[in-house]
1. Restricting to region 117-150, give me the number of residues that are crowded, with 17+ Cβ neighbours inside 10 Å and out of contact with any Lys or Arg (no Cβ under 9 Å at 6 or more places or on another chain).
2. Kindly provide the set of residues from region 78-108 that are in contact (Cβ under 8 Å) with a residue 40 or more places away in the chain and part of a helix (DSSP H, G or I), ordered by number.
3. Scan region 78-115 residue by residue and report those that are surrounded by 15 or more Cβ atoms within 10 Å (Cβ to Cβ), of a type in the set (V, I, T) and either modelled with pLDDT under 90 or touching a strand residue (DSSP E or B) at 6+ places or on another chain (Cβ under 9 Å) (or both).
4. Output the number of the condition that A187 fails; it satisfies all remaining conditions of (1) under 17 Å from the mean Cα position of the chain (by Cα); (2) small (G, A, S); (3) over 16 Å from S84 (Cβ atoms).
5. Mind checking which residues of region 71-123 are within 12 Å of the chain's Cα centre (by Cα) and within 26 Å of R178 (Cβ to Cβ)?
6. Have a look at R197, R171 and point out the one that is in contact with a strand residue (DSSP E or B) (Cβ under 8 Å, 6 or more places away or on another chain), basic (K, R) and either loosely packed, with under 14 Cβ neighbours inside 10 Å or assigned by TED's automatic domain parsing to the domain that holds Q99 (or both).
7. In region 126-176, what count of residues is obtained for those that are in contact with a Ser or Thr (Cβ under 8 Å, 6 or more places away or on another chain) and closer than 17 Å to P227 by Cβ?
Amino acid sequence: MGLRLRRFFDLKTAMARVAPQSLPRSEQQVASREHRLMSKYLQILRLTAPILLFVTPCFCQTQPQTNPKTNEDLQINVNWFYGSYVPKDVPLTTLNGHQRLKLYIRQTYTTPGIYVKTTAFALHDQAHEANPEWGDGLEGFAKRLGSRQAQFIIQNSLTSFGDGVVGWEPRYDRCRCRGGWSRTRHAIVRNFVTYDRTEKSLRPQIMLFLAAFAGGAIATNWEPAHPDWKINGYQAMLTQIPIGVGINLIGEFAPEIGRIFRKKKAFNQ
């Protein structure tokens, strides 16, 4: 396996040995673009390989429950991959200030999910050469990673603060319904609405989208090109739609996804 990986990563060196000067001008341009594209994706693969090796087994494994959970623990569930949620068999109760602070710290700093999300976005930025002034090497990737991390911390902080002020629900509650379509619809709708302090009446997810806008707008202060803060904020707010829906869907169907992984793991053993 190590020899195969070494041969694969030596592909860039092998490509560099081809002399594009020996080709016609039009073919030189095509070869040059293909060479740059292949080099970029090989670089991204080098960065993502260690992450994938860590993430895949972690997603498949289950955590043994040695001690019964307290009522507070049942209300504050934070999955490392898809964030905070309330299981369908746990009553949805309003969080107090201490619980909200505990949830915020877990979501923003102490679980791997925020760092996985940051790395994924930074890799996307690296592939699309966002802020080209930062370069395309490891130093440029580190700057994009730091920028995204700061942006997401700002977004999480403002969302948690805003929901706490008005007493709105910051967690995703799994649908207490049956049927794939009903659960899918619930996951999609919950990205746009949440509950007030009664945990029954719905309110628009104003804090979530305003925080996404603010995170993108504030990031323009340290981005080298200093793009228009309104456009950056608007794009960040739009990004929340597919990302939020996708995370909700994963959180909703996580028990079924986990069973599939466990069956495959048991079958392979």
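The values are calculated or read from the model by the stated rules, or taken from the named source; none is laboratory data. Everything quoted here is computed from the prediction, not taken from an experiment. Heads up, the Cβs are rebuilt from the backbone with ideal geometry, glycines too, and the neighbour counts pull from every protein chain shown.
1. Final tally of qualifying residues: 7.
2. Keep residues of region 78-108 that are in contact (Cβ under 8 Å) with a residue 40 or more places away in the chain, which gives 79, 81-88, 92-95, 97, 100, 103-104, 107-108.
Selection gives G97, R100, L103, Y104, Q107, T108.
3. Correct list: V78, V86, V90, T94, T111, I114.
4. (3)
5. F81, Y82, G83
6. Values: R197 fails: in contact with a strand residue (DSSP E or B) (Cβ under 8 Å, 6 or more places away or on another chain).
The unique qualifying residue is R171.
7. Matching residues across region 126-176 total 2.
So that you can scan it fast, the table gives a plain yes or no per residue for (1) within 30 Å of P132 (Cβ to Cβ); (2) in the same structural domain as T111 (by TED's automatic domain parsing); (3) without any contact (Cβ under 8 Å) to a residue 60 or more places away in the chain:
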{"site": "G180", "(1), (2), (3)": "no, yes, yes"}
{"site": "I206", "(1), (2), (3)": "no, yes, yes"}
{"site": "F213", "(1), (2), (3)": "yes, yes, yes"}
{"site": "P224", "(1), (2), (3)": "yes, yes, no"}
{"site": "I231", "(1), (2), (3)": "yes, yes, yes"}
{"site": "Q235", "(1), (2), (3)": "yes, yes, yes"}
{"site": "Q240", "(1), (2), (3)": "yes, yes, yes"}
{"site": "P255", "(1), (2), (3)": "no, yes, yes"}
